[in-house]
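Q: Have a look at this one before I ask anything.
The values are calculated or read from the model by the stated rules, or taken from the named source; none is laboratory data. Quantities reported herein were computed from a predicted structural model and do not represent experimental measurements. Backbone-built Cβ (ideal geometry, glycine too); neighbour counts: all protein chains shown. When the accessible area is computed, the model is the full protein with side chains, heavy atoms only, and any ligands, DNA or RNA have been set aside. Shrake-Rupley method; radii C 1.70, N 1.55, O 1.52, S 1.80 Å.
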Amino acid sequence: MTLSVEMFMTAPRYTKLRIFAASPSDVASERAKLSTVVENLKPLADNLGLVLEVVDWRAVVPEAGRPQQVIFDQLKPTSWDVFVGILWHRFGTPPGASNTQTGKEFLSGTDEEFATAYNLSKQFKRPRIMLYRCTRALPYDVDPDQLKRVREFFKLVEDVKGDYPTLYQAFDTTEAFEKLLLDNLQKLLLEYGEAHGRGAVTAPLLAPKIPDNLPRRAPFFGRTKEIAEVMRALSPDDRGWGVIVDGIGGIGKTALAVECAHRAKAQGLFDAFAFVSAKTNRLEPSGIREQSPAARTRDEFINETARVLGQVGIAQLTGDGKRRAVLDALRGTRALLIWDNLETLDNESQLALADLLRDLPQGCKAIVTSRRGGGEGALWLRIEGLDWDAAREIIIYECKHNHHLKAVLLREGETRWRELFKETAGSPLALIWMLGQIRARALGFDRALEMLVEGGFQSDLQKFIYGKIRQELSRTEVLTLGAISFFRTSATLVALLEMLRIQRHEIENALARLVAFAFVNVDAESGRHSIHPLALTFIRDDLRNDPSTERVLGMSYAKYWHRYVDSTVSHFAESHETFSWLREELFNVDGAIEWLYEKSVLRGRSEGVSNGDTADLIFSIIDRIRGFLLDDGWWDECIQVNKRGFDVAYALGDDKGILKYASWIAEVLLKQSLTDEAVIWVSRCEGACAYSDDPHNQATIKRLHGLLEYQRGNLQEAENYFHYAHAIWRDLGIEHLLAVSYNDLGVIAMKKGDYRLAHNHFSRALELTSEYFVEERAEYAGNLGWVALKSNLWSDAQRWFNQELSVGNQNELTQRIADAQLGLAHTWDALGRPHLALPLARKTLAIYEQLRHKDVAEVRALVERLKEKAKEPPP
């Protein structure tokens, strides 16, 4: 192609500026942005009397000949006013021509286009060369030869003494390119206007009449109270700069912010709306999808806000000048800034942005979403899980838009919807994600729910909510989080201090951060800490990935509760007033037993855990809480922990432990009339003592057989067994067991109607029992009450039952309270006072039903008889 000087010298004064784009296929997204930028520049171009036109090879009509020459013939390089070149890792294919100046073959059409534009610019100062290089991470399938050519090209343009020295600019995202190109072309147009006497034109001409880049409004459910608080903070009457919406990931912070922004727009509270987000990914049913955030740094938040407001020139400023410029741009307008996911910025950037927000001009407000709470001069709103009504609305809405989902959920019913809601802990993200598993992956309800419940370190939901924030935690924070995860309910600061042996101020700082990140919830009244429900499986999986730390924390947890139980039992022996401590922490104590049980029996030495250490701890804890579980009415739990003790003893071949725990289990089963099950455990006791001649062990087994025979109604056989045990314990001089045998014999005597003998046996049992055995003394007093009742000694009966009731109430002994109330009910009934007897019988029935006591049917019948006697109308 021959270019003549006359073509340029005779060029008319342009009213059209032609922008030619040269780029390979790997930057198609950036090339598309060129048209968007030009569209945004139209207001400025109109003011200058210009028409902007973008052209590239796609505008060429197909024609025979060398393709690049066809492009030149139709698009005429002499008509280009601006040349925009964009390169990443592809350079293109050879066009079949050589550079007339260097003699070298062009390596691509882009190469030839650039050389042509450069030569024209060098001769005639037109077209204006604007070259851009993409620096984002390379794809996995990059062509090394193409990449090499790109790098060689940029070495060529970087050589100031070479043939094509050119200043270029770099970008890493499509959004960054758009902002960069917009700023560059705007400056070029402004220069053109000044050079051609078109008048002074400033950047604000680019701003749309109503700056607004709010995300599309989506269906929104619930949060009535939270919306009201945000809207109040956005009202002109509120003196704060806005609101910080804080909460765990996926709890709906962004959705709340966007909904409130749209409500503010509908109410005409603001004239401009700038939404800037640092969110780097989104959760879909198929997995986590990465996305390019609008801003990653403090400067990018300001630049993007300025761009939405039409002030793109602010991006070129730095430091305090940029801060002042954006505040100046906001003056005189009512703007609402919505800054999303601010926690991803470093602390310095967050502080700088917070400082800027405090200086927002009058009439401007902001909504900031973050996982970190607190903010000076603004409302701090921490949002928790949705309520059931809002969750139900979401489920119904999602069902309306998918027939498969609707069919599955209608088949399951609303009861199971509530089960799903409970497992999501009120997280709308978790709920919608779970529904998406059913909708998009055609999963059944149970399988989708299982994925939600199991969660864990590899769950997309868990990784999305906690993955990146986990990387920010310090070692102390990780240890604190791991320690709290062992607690079944919640942890006190005292417990954490004893477990971790870390300075108090370090743990307090760690807890403050964990609460801020919404890993941990804190009860404002008690000050106790617990893991957020959605975080629990993630944290436990994280801990399992560090077996050494998991073992250390587990043993520390178990030893802490061993000390706690030991201290509680010791205090109870002294004051009989501290079992309430144990009741409050029972589930945490059970957690310690469960961990020790798993290490002792299920894993044992395979993980390097000493069976001896864990077994000694689990035995000690069970032995100390057994009495409490029995006395306080935790019979099923008593059976469960004793079964764990039995399993550990069996695994270690500890016959003494086997006998102890099997006998304890059998006794509780007999209290519940589960005779067949009790027989199994009695036989296990016999198996453990098959080769033992220990008289105490033999007495224990004989007594168990006596209890079995008594329950079967074989009184004589039962009495024989009790006498056998009684003789052994008498010879051994074990007084508290001798008292037990006297009590057993007294029960037999009373059953036979020999009340005098029964009285003697119960009295002797009471005499032999020390003050330490509070529950036993109360039981023996109650038995004396039953003897008096059977002997028609009403005042004596009331005295003994009241004594049993008093001890039971003082020491919170559930069974003793129930038995005493039952005795008093029978006494009042015998005295013809059914109205006084009925309330006591009802209280007993409630306790017996809880315990699954063997006499529950008998007490229920008593209540019905008393109701009839008292002529009480049915409920």
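Q: Can you give the relative contact order of the chain as a percent, counting alpha carbon pairs under 8 Å and 6+ residues apart?
A: Answer for the chain is 6 percent.
Q: Can you give the angle from 0 to 90° between the axis of helix 174-195 and the longest principal axis of the chain, with both taken from C-alpha atoms, to the nearest 10?
A: Once rounded, the angle reads 30 degrees.
Q: In a Debye calculation with equal point scatterers on the alpha-carbon sites of the stretch 142-191 and no solvent, what is log10 I(q)/I(0) at q = 0.15, 0.20, 0.25, 0.26 Å⁻¹?
A: For the stretch 142-191 at q = 0.15, 0.20, 0.25, 0.26 Å⁻¹, log10 I(q)/I(0) is -0.61, -0.88, -0.95, -0.95.
Q: Which value at 222 nm does the chain reach when only helices count, each DSSP H run of 4 or more adding -39,500 (n - 2.57), with the total divided by all residues and rounded to the nearest 500 deg cm²/dmol?
A: Rounded to the nearest 500, the figure is -19000 deg cm²/dmol.
Q: On to the next question. How much length, in nm to one decimal, is gained on full extension between ILE502 and ARG263, taken as 0.36 nm per residue of separation minus their Cα-Cα distance?
A: So the extension gain works out to 81.2 nm.
Q: Separate question: LEU707: accessible area at probe 1.4 Å, nearest 10 Å²?
A: Solvent-accessible area, nearest 10 Å²: 40 Å².
Q: Filter the cross-link list LYS279/LYS422; LYS265/LYS365; LYS599/LYS643; LYS33/LYS125; LYS660/LYS843; LYS179/LYS253 down to pairs whose alpha-carbon distance in this structure exceeds 22 Å.
A: Checking Cα-Cα distances, LYS279/LYS422; LYS33/LYS125; LYS660/LYS843; LYS179/LYS253 exceed 22 Å.
Q: Can you give the FRET efficiency to the nearest 0.05 for GLU376 and THR489, using r as the Cβ-Cβ distance and R₀ = 30 Å?
A: Efficiency computed from Cβ-Cβ geometry: 0.30.
Q: Now, a different point. Averaged per residue, what accessible area in Å² does the chain show with a 1.4 Å probe, protein chains only?
A: 47 Å²
Q: Between ASP616 and ARG418, how high is the FRET efficiency from 1/(1 + (r/R0)^6) when r is the Cβ-Cβ distance and R₀ = 51 Å? Nearest 0.05.
A: 0.70
Q: While we're here: Return the ratio Rg/(2.2 N^0.38 Å) for the stretch 311-354, where Rg is computed over Cα atoms only.
A: My calculation over the Cα atoms of the stretch 311-354 gives 1.27.
Q: While we're here: Nearest 5 percent is fine: what portion of the DSSP beta bridges confined to the chain is antiparallel?
A: Antiparallel bridges: around 20 percent, rounded to the nearest 5.
Q: Expected output is a single nm value to one decimal: the length gained when fully extending between VAL70 and ASP359, i.e. 0.36 nm times separation in residues minus the C-alpha distance. What is it?
A: This chain segment gains 98.2 nm when fully extended.
Q: Next question, about the same structure. Assuming 0.36 nm per residue, please report the length gained on full extension of the stretch ARG331 to THR100 beyond their Cα-Cα distance.
A: 77.5 nm
Q: Within the stretch 617-638, what residues put their amide N at less than 17 Å from the label point 7 Å along the Cα-to-Cβ vector of ALA651?
A: Correct set: 617-623.
Q: Let me ask something else about it. Using +1 on the beta carbon of Lys and Arg, -1 on that of Asp and Glu, and nothing else charged, what's the dipole of the stretch 102-183 about the Cα centre, debye to 20?
A: In total the dipole reaches around 420 debye.
Q: If you don't mind, there's one more thing I want to ask. Using only the alpha carbon atoms of the chain, find the Kirkwood hydrodynamic radius as the inverse mean reciprocal pair distance, in angstroms to one decimal.
A: That comes to 34.7 Å for the chain.
Q: I've got another one for you. If each of TRP794 and GLN850 carries a label point 7 Å out from its Cα toward its Cβ, how far apart are those two points in nm?
A: Between TRP794 and GLN850, the simple spin-label model gives 3.1 nm.
Q: Could you work out what % of the accessible surface of the chain is carbon and sulfur, using a 1.4 angstrom probe and leaving DNA, RNA and ligands out of the count?
A: On the chain, the fraction of accessible area on carbon and sulfur atoms equals 50 percent.
Q: Percentage of Cα-Cα pair distances in the stretch 383-513 greater than 24 Å, rounded to whole percent?
A: Of the Cα pairs, 44 percent sit more than 24 Å apart.
Q: Compute the angle between helix 586-597 and the longest alpha-carbon principal axis of the chain, please, reported from 0 to 90 degrees and rounded to the nearest 10.
A: Here the helix axis deviates by roughly 80 degrees.
Q: With angles folded into 0 to 90 degrees, how steeply does helix 655-671 sit against the dominant principal axis of the chain? Use alpha carbons for both and round to 10.
A: That helix lies at roughly 80 degrees to the long axis.
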